[in-house]
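Following: one structure in structure tokens, then a few remarks.
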Amino acid sequence: MKKTRALLVGAALIAATATSASAVPIELLNGEITKIKYTNYENFIDNNNNRIIDKDDKFVGVLNVSSISNVSGSKFTNFDPNKVELSGVFQISVTGGSIPVAGVGNVTFGFTGNDYMKIYYDTTPDYDASTVANAFASVQNGNLWMEFKNYDGLGQVILANSLTLNTNRADILTNNSGYTIAPQNYPGVIPLPGFGPDVLTDVFFTSWVSSPSDNTAWGYKSEDPLYITAVPEPGTLMLLGVGLAGLAVMTKRRSKKQ
């Protein structure tokens, strides 16, 4: 009877751990880098009216997640964009440098004033990027999943009026994902003041931006991955360890008596 009770307790602890993990609405990969791939549409706001992308100009847009996997794309989570939606809205500022429209150059990005980047979770997929108004309304009718702060980025136009390479990083302001996110020293981080190769960051972005967009409502489009590292909660690990230890002890005692 005691053996049965101990086994049941151990099994219950493991079951509780599994239930806690499965309760997370969007699965991330625990203990390794998760790649969140999304399509991003945005428009350029030329606050200086000089047809140059330079300081104080802004980019405003939306994003919609298509898959969540490991870095190589060989292992995918249970995320299904046909059943749930992860989509976001953002506004970022140009903080330095310059790129003439249809020209070549470099700029830095950041958050100034009322800039933001937020991702929402919705159990009813209704993302609609056909117009700017539809896009913002359809994204923000879900629940806030994650919100970012301390955003920094670097944009480099390599070929005039063509592909732009962007690399960006941010820290997490609001985290409703259900996971603990571990800051990482991601490889190839952007060379910005105060953000060198020895600086940890919560999330890391890299993307190729195409212009013009294939959507008439938007000037730019990119297929972006966002990299993030989720780790198991210490409490969850302890529960799992206790449960497994209990099962191991009872198995050992049982084998000795046989």
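The values are calculated or read from the model by the stated rules, or taken from the named source; none is laboratory data. Note that the structure is predicted; figures quoted are calculated from it, not measured. No Cβ is skipped: glycine too gets one built from the backbone with ideal geometry, and neighbour counts run over all protein chains shown.
Here residue 111 meets each of (1) buried (at least 17 other Cβ atoms within 10 Å of the Cβ); (2) among the aromatic types (Phe, Trp, Tyr); (3) over 20 Å from residue 181 (Cβ atoms) with one exception, condition (3). Here is the figure for region 178-206: residues that are surrounded by fewer than 20 Cβ atoms within 10 Å (Cβ to Cβ) and either at pLDDT 85 or above or touching a helix residue (DSSP H, G or I) at 6+ places or on another chain (Cβ under 6 Å) (or both) total 9.
Scan region 117-153 for residues that are of a type in the set (Ser, Thr, Tyr) and surrounded by fewer than 16 Cβ atoms within 10 Å (Cβ to Cβ) and the total you get is 4. Checking each residue in region 1-56 for being at pLDDT 50 or above and among the β-branched types (Val, Ile, Thr) picks out 24, 26, 33, 34, 36, 39, 45, 52, 53. For region 55-62, check the following and say yes or no: at least one residue is over 18 Å from residue 204 (Cα atoms), within 15 Å of the chain's Cα centre (by Cα) and surrounded by 15 or more Cβ atoms within 10 Å (Cβ to Cβ). No; the residues of region 55-62 include none that is over 18 Å from residue 204 (Cα atoms), within 15 Å of the chain's Cα centre (by Cα) and surrounded by 15 or more Cβ atoms within 10 Å (Cβ to Cβ). Restricting attention to region 44-70, the residues that are within 16 Å of residue 101 (Cβ to Cβ) and in contact with a Phe, Trp or Tyr (Cβ under 9 Å, 6 or more places away or on another chain) add up to 6.
Return yes when residue 115 is assigned by TED's automatic domain parsing to the domain that holds residue 209, modelled with pLDDT of 95 or more and over 20 Å from residue 92 (Cβ atoms) and no when it is not. Here the answer is no, as residue 115 does not meet what is asked.
Only a single criterion out of (1) in a loop (DSSP other than H, G, I, E, B); (2) closer than 28 Å to residue 157 by Cα is not satisfied by residue 27, namely (2).
State all residues of region 101-154 that are without any contact (Cβ under 8 Å) to a residue 12 or more places away in the chain and of a type in the set (Gly, Ala, Ser); if no residue qualifies, say none. Within region 101-154, 133, 137 qualify.
Just to be sure, is residue 82 more than 21 Å from the chain's Cα centre (by Cα) and either at pLDDT below 95 or part of a loop (DSSP other than H, G, I, E, B) (or both)? So residue 82 does not fit the description; no.
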